[in-house]
Amino acid sequence: MSIEHATIFFLIAVFVTAEIYRMLRGRRGVIVSANGSHPAGVALPVFQIEVELRDGTRINAAANCCTVCLGRLKVGDEVLVTASQDGYVVELPWMRSRQRCAGTPCEG
């Protein structure tokens, strides 16, 4: 095994460990509303989003504009919410649960 192989295995192990930690630490919720008070066509770095957690609690969380764009987030989408020093932060889940489609037709 060369140093390149060891480096690749190390980086993969660190990435997998970080993602498992993120999934276990985060809480799943559904976007209820997004507070976007900015001029049309101007993307602000952070959006304030209201998220309803699975236990019914509603919290305000910050979502980076890159996260919103990459995830094509809209009201009704499932997100992962993590507590940080600055409040709650919205992240994209790797896998979305199928519970939100139970009994109703899912869109796209």
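Computed from the coordinates by the stated procedures, all read-outs in this text should not be read as laboratory data. Worth saying up front: this structure is predicted, and the values here are computed from it rather than measured. Glycine also receives a Cβ, built like all others from the backbone with ideal geometry; neighbour counts cover every protein chain displayed.
Each residue of region 85-93 in order: what ³J(HN,Hα) in whole Hz does its phi give by Karplus 6.51 cos²θ - 1.76 cosθ + 1.60, θ = phi - 60°, with x for Gly and Pro?
5, 9, x, 8, 10, 8, 10, 8, x
Residue-wise, which Karplus ³J(HN,Hα) couplings in Hz belong to region 66-77, taking 6.51 cos²θ - 1.76 cosθ + 1.60, θ = phi - 60°, and x for glycine or proline?
Working through the residues one at a time gives 5, 5, 4, 6, 5, x, 6, 6, 8, 4, x, 7 Hz.
Residue by residue through region 48-60, what is 3J(HN,Hα) from phi via Karplus (6.51 cos²θ - 1.76 cosθ + 1.60, θ = phi - 60°)? Round to whole Hz and write x for glycine and proline.
9, 10, 9, 10, 9, 6, 4, 7, x, 6, 9, 10, 9
Quote the FRET efficiency, to the nearest 0.05, computed for residue 54 versus residue 11 with a Förster distance R0 of 30 Å and r equal to the Cβ-Cβ distance.
Details: r = 33 Å, r/R0 = 1.10.
For residue 54 and residue 11, the calculated efficiency is 0.35.
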